[in-house]
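Below is one structure, written out as structure tokens; the observations come after it.
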Amino acid sequence: MPGWPQAALVAAGALVLTWLVLVLLAWRLPPGLARDLAGFLPDCVTTARRLRRDPRVPRRARVAVLVAMLWVLSPIDLIPEFLPVIGPLDDVVVVALVLRYAARTVPGEALFEAWPGNPDLLRRILGLGPVSPPGPGSS
């Protein structure tokens with residue numbers, strides 16, 4: 001099987017192997033900001049899927065979530081993906097803006113129920129700030 005089919009199979013195998021290595025490395029990250037950032041886009045995809053099916057979400061928010069999903073999946077980017085570090089930046093910015101829009105139109109409990117990651121990270125993205133632990137004098 002010489003020629004382009006063999007090259008396509010080798011390229012696909014290398015791509016899948018690279019993804020597996022990246023997933024394993026991200027999974028082994030210690031808890032903290034780096035782990036939160038590594039899981040940001042997967043958490044956004046899960047949130048978008050859940051919000052699309054939630055009856056509490058208004059239609060215009062569903063359309064915004066769909067547009068964000070299409071933006072992330074689109075091969076056309078403002079910043080090419082192959083640039084290290086800044087490549088996925090346009091995707092992250094669009095997703096963060098859509099999440100902020102959704103936070104204004106979607107009930108808060110629906111948004112936080114749909115978010116699989118650290119709720120403090122979602123609060124920071126939405127501009128709500130992290131939840132402060134209760135002080136010694138609070139009840």
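A short reminder: the numbers here are calculations on the coordinates, not readings from a lab. Worth saying up front: this structure is predicted, and the values here are computed from it rather than measured. Backbone-built Cβ (ideal geometry, glycine too); neighbour counts: all protein chains shown.
With a sphere of radius 15 Å drawn around the Cβ of LEU128, what net charge do the other residues whose Cβ falls strictly inside it have (Lys, Arg +1; Asp, Glu -1)? Every neighbour counted, the sum reads +2.
Maximal additional length on extending the LEU97-LEU17 stretch stands at 25.6 nm, based on 0.36 nm per residue less the C-alpha distance.
By how many nm would the segment from TRP4 to VAL67 grow when fully extended, if each residue of separation counts as 0.36 nm and the alpha-carbon distance is taken off?
Gain on stretching TRP4 to VAL67: 19.2 nm.
ASP54 to ILE86: extension gain in nm, 0.36 nm per residue of separation minus the Cα-Cα distance? Numbers along the way, then the final one.
Numbers: separation 32, 0.36 × 32 = 11.52 nm, distance 3.25 nm.
Computed gain between ASP54 and ILE86 is 8.3 nm.
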